[in-house]
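Structure first, then comments.
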Amino acid sequence: MSVLYIDRKQVQIRAESGALRVREPGGKSATVPLSHLERVVVRGDASLSASAIGAITNSGAGLMLLSGRQNRHLAICVGAPHKDVLRRLGQFDAYRDTSARNEWSRKIVCAKLRAQFRVLSEAKSRRADRRLVLHKSMRQIEALAARVSEYGGLSVATCLGVEGAAASAYFRGYKTLFPPSLNFAGRRKRPPPDPVNACLSLAYTLLHFEAVSCAHEVGLDPMLGLFHEPSYGRASLASDAIEPFRPHIDAWVWEMFRERYLTVDHFSHAKDGTLLGKAGRRHFYERFRPLGIALRRLLRRQLGAAAKSFERRGRSVGVE
């Protein structure tokens, strides 16, 4: 099972006998069986028939539409959700339980900090010239991780504070891994001012899409998080779920530039930020596909376990 990335102008996408027919201008076309797909990502100016959208979602695959320039998420379509409403009932009950939210948040932050430490540790073994700054960042993250792992009952607000402090320490080390030509001075979101941020933003967007789809598949409400507060238009549970896996993305982005799969020549600069060009996007999607599959499995396992826990909670609420 894989992901189909469609990134061509004026492409037409139609359903055809259990498959998708992707037709480019000039008549060139390809057919992809829906049984091979778990996700379809469409970027830019493409035409999808209603039957194609229905076929994708009815097959159980997720569909995400991205804008043509900044690769921003425009829409997500998913198939039928898990049928047991007790899972959502338990999720909503857990949100009202301060101790449950605190413990959920503590586990998320612990997992993220461990992953950040591993990324910097691996980088230190490869970059002797950056050992001092990386070591300092690692020690700061290690101290923060000890705080959240050793003390139970930390509030969500405290966990958010620890996560923010760890992110600052982490990116102080991480940013030194890239050459000056990339102008990467730390994490900046909208618009991305440099090639590294452009890649991080696109990869995080794809990861968030996976989390929304997985939450829907296992019967949870992707909008109601326990670590991230509910906010209008934000899939907060998906944001919760991806936090421990962001460092995997960071390590992959560093590899893309370190191995020169992407270079500064793959990007252009405009008033709305740094843009990844067509050739760069091709390299990006080709290399991201196996990582996306691996992270989807981890997200499905994580959210599946949470769904079963919420289901048990939902049953007890129902009995009361």
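The values are calculated or read from the model by the stated rules, or taken from the named source; none is laboratory data. Note that the coordinates shown come from a computational prediction; the quantities given were computed from them, not determined experimentally. Here the Cβ is made from the backbone with ideal geometry for all residues, glycine too, and neighbour counts use every protein chain on show. Only protein heavy atoms, including side chains, enter the accessible area calculation; ligands, DNA and RNA are left aside. Shrake-Rupley method; radii C 1.70, N 1.55, O 1.52, S 1.80 Å.
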Going residue by residue through the stretch 224-240, the Karplus relation 6.51 cos²θ - 1.76 cosθ + 1.60 with θ = phi - 60° gives ³J(HN,Hα) values, rounded to whole Hz and with x marking Gly or Pro, of 9, x, 10, 8, 7, 4, x, 9, 3, x, 10, 7, 5, 5, 4, 5, 4
Sorted on mean Cβ neighbours within 10 Å (highest first), peptides 106-119, 17-30 come out as 106-119, 17-30
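Percent of accessible area on the chain owned by carbon and sulfur, 1.4 Å probe?
C and S fraction of accessible area: 52 percent.
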Residue-normalised 222 nm signal for the chain, counting each DSSP H run of n ≥ 4 as -39,500 (n - 2.57), nearest 500 deg cm²/dmol, is -18500 deg cm²/dmol
So, with points 7 Å from each Cα along the Cβ direction, the Cys77-Ala305 label distance in nm works out to 3.4
Per its Cα gyration tensor (rounded if a/c is under 1.5, else prolate when a/b beats b/c, else oblate), the stretch 136-237 is best filed as oblate
Calc'd 3J(HN,Hα), the stretch 306-312, phi into Karplus 6.51 cos²θ - 1.76 cosθ + 1.60 (θ = phi - 60°), Hz, glycine/Pro = x, comes to 5, 4, 5, 5, 5, 5, 4
With the charge dipole of the chain built from beta-carbon charges (+1 for Lys and Arg, -1 for Asp and Glu) about the Cα centre, the Cα from Phe92, Ser49, Leu262 projecting farthest to the positive end belongs to Leu262
Quick calc, the stretch 164-265, dipole around Cα centre from Cβ unit charges on Lys, Arg (+) and Asp, Glu (-), nearest 20 debye, gives 480
In nm², the average projected area of the convex hull spanned by the Cα atoms of the stretch 75-224 is 10.7
For Gly62, other-chain or 5+-apart residues with amide H closer than 5 Å (H placed, Pro excluded) are Arg39, Val40
Bridge orientation stat for the chain from DSSP, antiparallel percent rounded to 5, came to 55
By the C-alpha gyration tensor axes a ≥ b ≥ c (rounded if a/c is under 1.5, else prolate when a/b exceeds b/c, else oblate), the shape of the stretch 1-129 is oblate
Rounded to one decimal in nm, the spacing of the 7 Å Cα→Cβ label points at Ser316 and Arg258 is 4.5
Going residue by residue through the stretch 106-116, the Karplus relation 6.51 cos²θ - 1.76 cosθ + 1.60 with θ = phi - 60° gives ³J(HN,Hα) values, rounded to whole Hz and with x marking Gly or Pro, of 4, 5, 4, 5, 4, 5, 5, 5, 4, 5, 4
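Fully extended, how many nm does the chain gain between Lys28 and Arg297 (0.36 nm per residue separation, minus their Cα-Cα distance)? List each step's numbers first, then the result.
Details: separation 269, 0.36 × 269 = 96.84 nm, distance 3.37 nm.
Going from the current span to full extension adds 93.5 nm.
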Rg from C-alpha atoms of the stretch 204-320, normalised by the globular rule of thumb 2.2 N^0.38 Å, equals 1.32
The FRET efficiency for Ala270 and Gln10, from their Cβ-Cβ distance with R0 = 22 Å and rounded to 0.05, is 0.50
Checked against the positive end of the charge dipole of the chain (+1 on Cβ of Lys and Arg, -1 on Cβ of Asp and Glu, about the Cα centre), the farthest of Trp104, Ala146, Gly233 is Ala146
With every protein chain kept in place and a 1.4 Å probe, the stretch 1-92 has an accessible area per residue in Å² of 51
Rounded to the angstrom and largest first, Cα extents along the principal axes for the stretch 90-138 equal 50, 15, 9
Long-range amide H partners of Arg72, meaning residues 5 or more apart or on another chain whose placed amide H is closer than 5 Å, are Ser67
Quarter of the surface of the C-alpha convex hull for the chain, i.e. direction-averaged projected area in nm², equals 17.6
Note: probe point = Cα of Ala128 + 7 Å toward Cβ; backbone nitrogen < 20 Å; residues of the stretch 161-181 passing the test are 176-179
The orientation-averaged projected area of the Cα convex hull of the stretch 230-293, in nm², is 6.0
Ranked output for segments 268-275, 183-190 by mean other Cβ atoms within 10 Å, highest leading, reads 183-190, 268-275
